[in-house]
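Asks: Starting off with a structure, shown below.
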Amino acid sequence: MWSSARTIAAGDLVIVWLTRDLIQPLYITPGKEFNSKFGVYRHADLVGVPYGSKVGSRNGRGFIHLLRPTPELWTVALPHRTQILYLADIAFITSWLDIKSGSRVIEAGTGSGSFTHSTARTIGPSGHLWSYEFHEARYNKAREEFGQHGMQDIVSITHRNVCKEGFTVEDTVDSVFLDLPAPWDAVEHAKQALRKDRLTRICCFSPCMEQVLRTVSALNDAGFTEITMYETLLRPQDISQVPPLQTISEASERLRECEKKREEKRIKQIADARSRGGKRKRDGNEDEAGGEGTEPGATQEEDGLESKRAKTEEDPSSGLSISDVVVATTNPEQGSSSSSSANLHIRSPPPSMTKISLSKTFPEVRGHTSYLTFACLLPAFARAAASQANSGEVDRLEEGGDGVTAGLKGEGIGSDSLSVSMEVDVS
C-alpha cells in the first residue's frame, strides 16, 4: 500500500505526529513548507530522513515526529468527509465477518475510506474489495486517494446506488458490509452477491435503533440466520507507575519515630529557652553593675546567634525528606540522650519493589457511535436440506392432526364439542 522504504522520499505520504490529539497526513513535496505552532519545516529537509525520526524546526520553536502510515494512523489522521469507523468497530467487524488474507469483500458506503484501508491490508494482494459510493464528490476523492496509496489493484471503487441498482458482482463475495442510511433496501442485492457454496456473512452499520429494527426484519425475510446486534465502546486505560505503598506496621513505626523526634526537639527547645533566660538575667545584673564599653544591643545579637546555632545543631537531618530518613531505635543501654545524628540512616526500598503499575479509566470515554447488526447466510445445499426437513415435519404434524380428529369423531365427539370443551378448560 504505502512506501516500504526505510527513509522518506519525495512524493511519499507521512503521518506528522504533533501531539496526542493533533495528527495529520503530509505529502512530501520539495519546494513546499510545513507550518505549525511547533515551527517551520521544509519538505526538502525531510527527504532522506528515516521514518519514525524526531525532527526539530528551523526556527527552534519545537519538533515533530514523522511516522510511516498505517491503517490505524490513517484512521485518526484522515480528512473527514463523513462519519468514520474507528479501530474498535473495525477490529470487531473484521473478526466477526471472518475477513482474512484472500477474502473477497463488498463495502457499500465508502465515505472517508477508514474501513477500506484496514480491509485492504487484511485481505492482501490475493483478495479483493469492491467498494461502492453514491455521492459523486466523495467517490472522486476516494478514487484519487486509493491511487495515491497504491491500492488500485486491491480495491475497485464504483459510483453507484446499490439500494436501487444492486452490486456489480453476483455469487462471488465471502462477506458484505453495508454502511448505508437504509441498509434494508440493499439486503436482497447483498444476498445475490454472496457465494452460495459456503457460509457467508453480512454486517449492517446503523446509528439508530429504528434502522436496526427494519434491517433485522429484512434479514429475516431474506433467509439470513443468527441475526445479532452489538454496540462497541472504547474504554481506554491510563497506565502509570508509582512508588510502592507502605505496610501498616511500617507506617505506624514511622509515625512513632516522628512523634519521638518531635518530643525530643520540644524538650530541648524548652531546656535551651530556660538556659537563655538565666543567662539573660545574669547579663542584666552585670550591665547594671557597670561596664561603659558594652553596647546595650550586643547581648540581644549574641542571643539571636545562639538561637540560630541551637536550631542548626538540633536538626541534623535538614535537607532530607521525611520519607527518606528513619530514626533508628535507641539502644536502652546507651540511654535516650544520645545524639540524633548518630541514630539516622537512609532507607532504600528493595530493587524489586521500586515501582508498582496502576491502571485507571480515563474520565472521558467516547460514547455511542453506531449499532452493528450481523447475520449469516447458509449455503444453498444447507438451506435446501433445512427446507425439506421443515416440510417433512409439517407433513407429519398434519398427518398426526388428522388421525387425532378421526379418532375423536369415532368416539362421537365433533369439532364443535371439542372447541367448547377447550374453551371451558381455558376459562
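The values are calculated or read from the model by the stated rules, or taken from the named source; none is laboratory data. No experiment lies behind these values; they were computed from the predicted model shown. Virtual Cβ from ideal backbone geometry, glycine too; neighbours counted across all protein chains shown. In case anyone asks, the SASA skips ligands and DNA or RNA and just uses the protein heavy atoms, side chains included. Shrake-Rupley method; radii C 1.70, N 1.55, O 1.52, S 1.80 Å.
Asks: What number of residues in segment 188-227 are assigned to a strand (DSSP E or B) and either in contact with a helix residue (DSSP H, G or I) (Cβ under 8 Å, 6 or more places away or on another chain) or of a type in the set (G, A, S) (or both)?
Replies: From segment 188-227, those assigned to a strand (DSSP E or B) are 194, 200-206, 225-227; that's our starting set.
Remaining after also requiring either in contact with a helix residue (DSSP H, G or I) (Cβ under 8 Å, 6 or more places away or on another chain) or of a type in the set (G, A, S) (or both): 201-206, 227.
Here the count works out to 7.
Asks: Taking segment 238-278 as the region of interest, how many residues are loosely packed, with under 12 Cβ neighbours inside 10 Å and assigned to a loop (DSSP other than H, G, I, E, B)?
Replies: Counting residues in segment 238-278 that are loosely packed, with under 12 Cβ neighbours inside 10 Å and assigned to a loop (DSSP other than H, G, I, E, B) gives 3.
Asks: While we're looking at this one, here's another question. Need at least 1 residues that are under 30 Å from the mean Cα position of the chain (by Cα), on the phi < 0 side of the Ramachandran plot and of a type in the set (D, E, K, R) per element, so show me which strands (runs of 3 or more DSSP E) inside segment 12-99 make the cut, counting only ones lying wholly within it. Lay out the reasoning, then the answer.
Replies: Details: elements: 13-19, 22-27, 33-36, 39-42, 53-56, 63-67.
Output list reads 53-56.
Asks: Pull up segment 160-183, narrow it to residues that are of a type in the set (A, V, I, L, M) and in contact (Cβ under 8 Å) with a residue 40 or more places away in the chain, then point me to the one that is nearest to F134 (Cα to Cα). Write out each step before concluding.
Replies: Within segment 160-183, the subset of a type in the set (A, V, I, L, M) is 162, 169, 173, 176, 178, 180, 182.
Cutting the leftovers down to in contact (Cβ under 8 Å) with a residue 40 or more places away in the chain gives us 162, 169, 173, 176, 178, 180.
Values: V162: 8, V169: 17, V173: 20, V176: 17, L178: 13, L180: 10 Å.
So, considering only residues that are of a type in the set (A, V, I, L, M) and in contact (Cβ under 8 Å) with a residue 40 or more places away in the chain, the one nearest to F134 (Cα to Cα) is V162.
Asks: Which one of these does W130 not meet: (1) in contact (Cβ under 8 Å) with a residue 40 or more places away in the chain; (2) touching a strand residue (DSSP E or B) at 6+ places or on another chain (Cβ under 8 Å); (3) outside any strand (DSSP E or B); (4) assigned by TED's automatic domain parsing to the domain that holds E226?
Replies: Of (1) in contact (Cβ under 8 Å) with a residue 40 or more places away in the chain; (2) touching a strand residue (DSSP E or B) at 6+ places or on another chain (Cβ under 8 Å); (3) outside any strand (DSSP E or B); (4) assigned by TED's automatic domain parsing to the domain that holds E226, only one is false for W130: (3).
Asks: Return a yes/no flag: does segment 116-128 have any residue that is of a type in the set (A, V, I, L, M, F, W, C) and either open to solvent by 10 Å² or more (accessible area, probe 1.4 Å) or more than 21 Å from S3 (Cβ to Cβ) (or both). Don't jump to the end; show me each part of the working.
Replies: At the first step, the residues of segment 116-128 found to be of a type in the set (A, V, I, L, M, F, W, C) are 120, 123.
Checking the rest, the ones that are also either open to solvent by 10 Å² or more (accessible area, probe 1.4 Å) or more than 21 Å from S3 (Cβ to Cβ) (or both) come to none.
No; the residues of segment 116-128 include none that is of a type in the set (A, V, I, L, M, F, W, C) and either open to solvent by 10 Å² or more (accessible area, probe 1.4 Å) or more than 21 Å from S3 (Cβ to Cβ) (or both).
Asks: Would a scan of segment 151-171 turn up a residue that is open to solvent by less than 10 Å² (accessible area, probe 1.4 Å) and on the phi > 0 side of the Ramachandran plot?
Replies: Yes, there is a match, as at least one residue in segment 151-171 is open to solvent by less than 10 Å² (accessible area, probe 1.4 Å) and on the phi > 0 side of the Ramachandran plot.
Asks: In segment 26-49, which residues are loosely packed, with under 12 Cβ neighbours inside 10 Å and of a type in the set (K, R)?
Replies: Across segment 26-49, the qualifying residue is only K37.
Asks: Let me ask something additional. Which residue is surrounded by the most Cβ atoms within 10 Å (Cβ to Cβ), if the candidates are limited to segment 83-110 and must be touching a helix residue (DSSP H, G or I) at 6+ places or on another chain (Cβ under 7 Å) and not hydrophobic (A, V, I, L, M, F, W, C)?
Replies: Going through segment 83-110, the residues touching a helix residue (DSSP H, G or I) at 6+ places or on another chain (Cβ under 7 Å) turn out to be 84-87, 90, 94, 99-103, 105-108, 110.
Imposing the further condition that a residue be not hydrophobic (A, V, I, L, M, F, W, C) reduces the set to 86, 94, 100-103, 107, 110.
On the way: Y86: 17, T94: 21, K100: 13, S101: 11, G102: 13, S103: 20, E107: 23, T110: 28.
Taking the candidates together, the pick is T110.
Asks: I'm checking my understanding of the structure. Among residues of segment 228-237 that are hydrophobic (A, V, I, L, M, F, W, C) and in a loop (DSSP other than H, G, I, E, B), which one is surrounded by the most Cβ atoms within 10 Å (Cβ to Cβ)?
Replies: Residues of segment 228-237 hydrophobic (A, V, I, L, M, F, W, C): 229, 233-234.
Now drop any that are not in a loop (DSSP other than H, G, I, E, B), which leaves 233-234.
Values: L233: 10, L234: 12.
Selected residue: L234.
Asks: Residue by residue through segment 175-227, note down the ones that are open to solvent by less than 20 Å² (accessible area, probe 1.4 Å) and within 30 Å of the chain's Cα centre (by Cα).
Replies: The answer is S175, V176, F177, L178, P183, I202, C203, C204, F205, S206, V212, T215.
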